[in-house]
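Since every read-out is calculated from the coordinates, none of them should be taken as a lab result. Because the structure is predicted, anything quoted here is derived from the model rather than measured. Ideal geometry is used to build each Cβ from the backbone, glycine not excepted, and the neighbour counts take in all protein chains shown.
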There are 2 protein chains.
Amino acid sequence: MTALKKALAVADEQLDASLERLMALIRIPSISTDPTHAEDCRRAAQWLKDELDGLGFDASVRSTELHPMVVAHDRGAPKGVPHVLFYGHYDVQPVDPLEAWERPPFEPALVLQPDGETWITGRGASDDKGQLLTFVEACRAWKAANGALPLKVSMLFEGEEEIASPSLEPFLAKTRNELQADMVLVCDTDMWDRQTPAVTTVMRGLVGEEITITAADRDLHSGIFGNAARNPLQVLADLLASLRTPDGSIAIDGFYDDVAELPEAVRAQWARLPFDQSAFLGGVGLSQPAGEANRSVLEQVWARPSFEIHGIAGGFSGDGFKTVIPSSARAKVSLRLVDRQDPNKVRAAFRAHLHARLPQDCAIAFAEHGTSAATVLPHDGEMLRKTLEALSEEWETEAACAGTGGSIPILTAFKQQLGMDALLVGFARFDNRVHSPNEKYDLTSYHKGIRSWLRILDRLAAG
Amino acid sequence: MTALKKALAVADEQLDASLERLMALIRIPSISTDPTHAEDCRRAAQWLKDELDGLGFDASVRSTELHPMVVAHDRGAPKGVPHVLFYGHYDVQPVDPLEAWERPPFEPALVLQPDGETWITGRGASDDKGQLLTFVEACRAWKAANGALPLKVSMLFEGEEEIASPSLEPFLAKTRNELQADMVLVCDTDMWDRQTPAVTTVMRGLVGEEITITAADRDLHSGIFGNAARNPLQVLADLLASLRTPDGSIAIDGFYDDVAELPEAVRAQWARLPFDQSAFLGGVGLSQPAGEANRSVLEQVWARPSFEIHGIAGGFSGDGFKTVIPSSARAKVSLRLVDRQDPNKVRAAFRAHLHARLPQDCAIAFAEHGTSAATVLPHDGEMLRKTLEALSEEWETEAACAGTGGSIPILTAFKQQLGMDALLVGFARFDNRVHSPNEKYDLTSYHKGIRSWLRILDRLAAG
């Protein structure tokens, strides 16, 4: 019996105990954005440290300005094998609206579904407690079966991922030597579909901005001032309209300078993916991709930069009607970046675009809401190839290389501070309702996730 | 001593009591747009009825589908004199943002200003409780001094003026015979400046609209859908931007067809008015008229139609940031009309303009918020001449014929239902902050307003 087969057998036998540990972690309401849950964040960090200590790791809780980090290095690491740093986050999103939950968010349960699947319910079940424990439990099973891991493994868990990881970059800068490894492994992404595992290799970056336009020094009556007074809501509409051309592209000067066309091989692979564009849009009541003409939906959401308006506020928007010309108007917007677009350059070009179009008697102010570059994992790497093979074996179907339209800012931090690429392997499903009421993680995701990591560890160690 | 002099003396002596009554009326928070204040609207109507009963009027509160009307006819009306119908409204605008008020909006106070003026503070102090009581208190003083009024006087007060008077037209249709008079008198407008009284003879109409754009059937995450999903906020911005051309004109097909150029005589009169365009805009922190190029501010606000956005709502606009693509977005807008523009035709053209530009996967819905044509009072009428003389006498300076950019939809209703023109005489000041926090009415406006009506009543009765 190979070391891998032994480890897989242990993982299967110990699944109930693995589940107990996941439920214990879900029970800790580690909501990072809510100061009243700071102590719960610390408890979650301590829980992880204790588990990893018990597994033979040298684990510690490290304070930051907000929620602590957990760092762990395997004590029994062999020499001359690749070194991986596994990253996850123990913090979770808030749970409001609480009344929308069918079960209390911090009382996890196993709920059998009509289709035979079993859901593990609760806030964080998927994002990211269930996902991060697939890796920890894989290490546990391997060690139980074989004594020592086949790779050198370190782990890093943070408690601020849901609030944009303010402490991560300074922490990585301080621990650069300690955390240096060959590759970062992350488990915080989705499967391609229920059958098809995926490695996420293309991720868009993000420039978040809040714009405030001000004109008169007070609200005005449109009967008295209408026409003559500059209306910040009209200015805002004009500016926002100026950012997208009628063909769906973004009208900022130089915006596409650092956006290369997708390599033909990747485009071909995406075209082969089991993806029904009509079903993707139809599932939310739409029928036509709204972005650049002649680009597929997958290209639009993975490989093309976007501009989206997330919120507009200003004037009177309650019930009834008020003929006010407000003194100010606000919008929250974001630009999603791809390829080599520099977020700071994009932000400057965005602001310059608006400044250049600002009419007289107006002021414009900007506030930053997040900054990250896109990340792209080279498609010809050895570790990626091995990981895809391991996943294909476990799930008995060809694993996909996928993109994600959402930014994962921590990847930028790892790349910039440690010079490391990250391999994103996740077992979550599209319908897990992360960040929403009734979050769940499928038992299949958890069980086969643990088994997948065992196969990945085995392959990566094979050299 | 003439009847007029006696009445003026009584008005001066009784000013404090008149003020007490105004403050009592301001204390009733009769916000017509807010259903939770419906009972307060009824209380304000009842308060007026009781006061008018006490003055020897035959007064009654008349139910409508929403807020009641108050109708009153003087019991002691002489024969063979002109019959005037005074109109006012007891409802007020909402008070949000409440935190911007220096004093509670429904706890009126007298506040001495550094320049020696005294402000009567509170929501409705100016618009229209203070203004309407100038007429009621003038009748009180005349009756106290002389027993009977010199004219036949009826009054009509409504509680829906701030929400576009939905009940007024049907009510006038029903009471056509009862309310027929020679002229409508209205006190809901401004002085020309602090020294110069004015009769408002040119008024813009209004088409109020609420637009709702919907796209996907739920809120979407812009990481997953950004670019590919139609964003209702972007659609709304594009549509709103399409309504104004860069030169400040309105881009709706045929919009200016029924807008004639101002007669040269009127333009010349307006040019002679003591009006400092820079001070008008500078007083609210602006410097350049934002409407059509080469049109004076007075032309822009009195004689040119406008399009204004009053409120936009949609997506996430709280603190922080949420990369949502909302399923819907809303805007409240209005078109101000001049000259012979037909509001129904304008509304249809406005909607057609937006429908024609609506992208795929979107729906648009409209809700009406008011409809009125512009009104113009003939400049050569006898009652207008007498009123201007009376005002010039009280204020010791030549009274102005002015325009107003705000619509007074009730004028259309009086014209259409009763065939009556209206004479608009108001004592409010430009800086009264009507519809805004910290509304006030000057004690001078109130006192000399009462005195002005006494002189007008006297002149109109003189034949």
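Provide the packing ranking of B:234-240, A:50-56, i.e. peptides ordered by the mean count of other C-beta atoms within 10 Å per residue, highest first.
Details: B:234-240: 24.6, A:50-56: 17.0.
With the highest mean Cβ count within 10 Å placed first, the list reads B:234-240, A:50-56.
Just report the Cα centroid separation between the stretch B:309-323 and the stretch A:391-463, whole Å.
When both Cα centres are located, 33 Å separates them.
Counting other Cβ atoms within 10 Å, which GluC sites (Glu not before Pro) in the stretch B:227-303 have at most 13 and lie in a DSSP loop? Walk me through the numbers before you get to the answer.
Numbers: sites: B:Glu261, B:Glu264, B:Glu292, B:Glu299; in loops: B:Glu261, B:Glu292.
Here the GluC sites (Glu not before Pro) that fit, given the DSSP loop and packing criteria, are B:Glu261.
Given labels modelled 7 Å from the Cα in the Cβ direction, how far is it in nm from A:Ser436 to B:Phe366?
Using points 7 Å along Cα→Cβ, the separation is 3.4 nm.
Output, in nm with one decimal and in ascending order, the distances from the A:Gly381 label point to the matching label points of the other copies (7 Å from Cα along Cα-to-Cβ).
Copy-to-copy label distances for A:Gly381: 8.2 nm.
With just the Cα atoms defining each centre, how far is the stretch A:1-24 from the stretch B:7-67? Give it in Å.
80
Magnitude of the Cβ-charge dipole of the stretch A:4-57, K/R +1 and D/E -1, about the Cα centre, nearest 20 debye? Spell out each step's value before the answer.
Numbers: 7 positive and 10 negative charges, 31 e Å.
Value, rounded to 20: 140 debye.
Work out from phi, with θ = phi - 60° and the Karplus expression 6.51 cos²θ - 1.76 cosθ + 1.60, the ³J(HN,Hα) of each residue of the stretch A:189-205, listed in order in whole Hz, and give x for Gly and Pro.
Running phi through 6.51 cos²θ - 1.76 cosθ + 1.60 with θ = phi - 60° gives 10, 9, 5, 5, 8, 4, 9, 10, x, 8, 10, 8, 10, 10, 10, 6, x Hz.
Where Lys and Arg each count +1 and Asp and Glu each count -1, what net charge lies around B:Ser60 among other residues with Cβ under 14 Å from its Cβ? It would help to have the intermediate numbers written out before the result.
Values: positive: B:Arg42, B:Lys49, B:Arg62, B:Arg75, B:Lys174; negative: B:Asp50, B:Glu51, B:Asp53, B:Asp58, B:Asp74, B:Glu158, B:Glu178.
Combined, the nearby Lys, Arg, Asp and Glu give -2.
At 7 angstrom along the Cα-to-beta-carbon line, where would the label on B:Ala17 sit relative to the other copies? Give the distances in nm, shortest first.
In nanometres, ordered from closest: 9.5.
Label-to-label distances across copies for B:Pro263, with labels 7 Å out along Cα→Cβ, in nm, shortest first?
In nanometres, ordered from closest: 7.9.
Determine the distance separating the Cα centre of the stretch A:225-274 from the Cα centre of the stretch B:120-183; give it in Å without decimals.
So the two Cα centres are separated by 55 Å.
Would you please give the FRET efficiency between A:Asp217 and B:Asp257, computed as 1/(1 + (r/R0)^6) with r the Cβ-Cβ distance and R0 = 35 Å, to the nearest 0.05?
0.45
Which residue, chosen from B:Val186, B:Gly291, B:Gly223, occupies the Cα position most advanced towards the positive end of the dipole of the stretch B:178-327, where the dipole is computed from +1 (Lys, Arg) and -1 (Asp, Glu) charges on Cβ about the Cα centre?
Selected residue: B:Gly223.
Can you tell me how the stretch A:228-308 classifies by the Cα gyration tensor, rounded, prolate or oblate, using a/c under 1.5 as the rounded cut?
Details: a/c = 4.16, a/b = 1.73, b/c = 2.41.
Because a/c hits 1.5 or more and a/b fails to exceed b/c, the stretch A:228-308 counts as oblate.
Multiply the residue gap between A:Arg351 and A:Glu398 by 0.36 nm, knock off their C-alpha separation, and tell me the result in nm, one decimal place. Don't skip to the end; give the middle numbers.
On the way: separation 47, 0.36 × 47 = 16.92 nm, distance 4.42 nm.
Between A:Arg351 and A:Glu398, full extension yields 12.5 nm more.
Show that you can apply the helix-only estimate: for chain A, add -39,500 (n - 2.57) for every DSSP H stretch of four or more residues, divide by all residues, and state [θ] at 222 nm to the nearest 500.
On the way: 14 runs with 156 residues, N = 463.
Helices in chain A give a 222 nm mean residue ellipticity of -10000 deg cm²/dmol.
I'd like the FRET efficiency for A:Asn344 and A:Thr245, computed as 1/(1 + (r/R0)^6) with the beta carbon distance as r and R0 of 30 Å, rounded to 0.05.
Efficiency at R0 = 30 Å is approximately 0.80.
In sequence order, what are the phi-derived ³J(HN,Hα) couplings for the stretch A:156-164 according to the Karplus relation 6.51 cos²θ - 1.76 cosθ + 1.60 with θ = phi - 60°, rounded to whole Hz, with x for glycine and proline?
Running phi through 6.51 cos²θ - 1.76 cosθ + 1.60 with θ = phi - 60° gives 9, 10, 10, x, 9, 5, 6, 10, 6 Hz.
Zone of B:Glu382 (label point 7 Å along Cα→Cβ, backbone N under 16 Å): which residues in the stretch B:57-90?
B:80-84
What FRET efficiency, computed as 1/(1 + (r/R0)^6) with R0 = 51 Å and r the Cβ-Cβ distance, is obtained for B:Ser278 and A:Asp16, rounded to the nearest 0.05? Please list the in-between numbers first.
On the way: r = 80 Å, r/R0 = 1.57.
In this case the efficiency is close to 0.05.
A:Thr175 versus B:Ala148, label points 7 Å from Cα toward the beta carbon: distance in nm?
Rounded to a tenth, the inter-label distance reads 9.8 nm.
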